[in-house]
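Here is the structure we will look at.
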Amino acid sequence: MGDPLGDNGGSRTRPLSLTLSSERTLTVSGYEEQLHARAEMLEETSELAAAVTAILDGASGAGIDPRAIVSLRAAVTELDPAGGAPPGYQAGDRTDRHPGTGYRSDGEFLEAVSDAEDQVLDWARDTGQLQEQVIAALDVARGDRGRAQRDLQAARQDLAAAYAMPTSKDCDGCHGRKAAAISAAEAAINEAEERIRDAGRRISICESAAEILDSLTRRLQAALQALRQVPHDLGEVYELIYAFIRRGGKMPHLGRWIEGETLTPA
């Protein structure tokens, strides 16, 4: 998937760097919206769920024992929590099992599981990269708010000082200087308050994105754990059969998928 906010064939360009001075706060605040939009895109993991569901279909066609695919179903649930329970699993009977209906071997089945694990792992890496960008943006926004709050305090002190400036009847420009000082202080107050509001909005967006990514990370880690459990489950369910094969035994035709042999029509 690559860099979550990188160039994608020219369709997207990276937003301005967050290392610019605080004066750019209002002009590039759209960066946080882009981070949030990307978090929402990554949150949609139905693509990964569909890949694991396809493995379940192949396992069903091969007649794999339902006990060996419990973790696959758990992975689907994590990757598509809004989709409800995974589709029912039916391994079929002997008449359903024929060439072309499922995985031809346990090796092919486990390779598909490994490929799905790699996809989820890539997704998790992209999520982690985006989390780092969100944390950095949140730190910058909080820093901008802190500076704006300090500037607001200083501007209010300047305003108080401006109102306290003395004037005389024999004006030598004192009234104008006082009015200018008051106007400058009021403008500084307004600007600082606007920066505080903008920083607060950006902080809120980043915090929302962080919540999305935290939840997504937990789901992806759970899905990875489930997928990594599949080889263990398969070995446990078929423990006696694997031991039989290791001793040189040969499975009947309807069990050949464990050895990876192609069935020969009678």
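Every number in this text was worked out from the coordinates using simple rules, so none of it is lab data. Bear in mind the structure is a predicted one, so any value in this text is a computation, not a measurement. Quick reminder, even Gly has a Cβ in these numbers, built from the backbone with ideal geometry, and neighbours come from all protein chains shown.
In segment 28-75, what count of residues is obtained for those that are hydroxyl-bearing (Ser, Thr, Tyr) and under 18 Å from the mean Cα position of the chain (by Cα)?
3
Before we move on, is residue 202 under 24 Å from the mean Cα position of the chain (by Cα), more than 16 Å from residue 59 (Cα to Cα), among the charged types (D, E, K, R) and buried (at least 20 other Cβ atoms within 10 Å of the Cβ)?
Yes.
Rundown of residues vs (1) out of contact with any Leu (no Cβ under 7 Å at 6 or more places or on another chain); (2) surrounded by 12 or more Cβ atoms within 10 Å (Cβ to Cβ); (3) not in a helix (DSSP H, G or I), yes/no style:
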{"position": "136", "(1), (2), (3)": "no, yes, no"}
{"position": "152", "(1), (2), (3)": "yes, yes, no"}
{"position": "162", "(1), (2), (3)": "yes, yes, no"}
{"position": "168", "(1), (2), (3)": "yes, no, yes"}
{"position": "176", "(1), (2), (3)": "yes, no, no"}
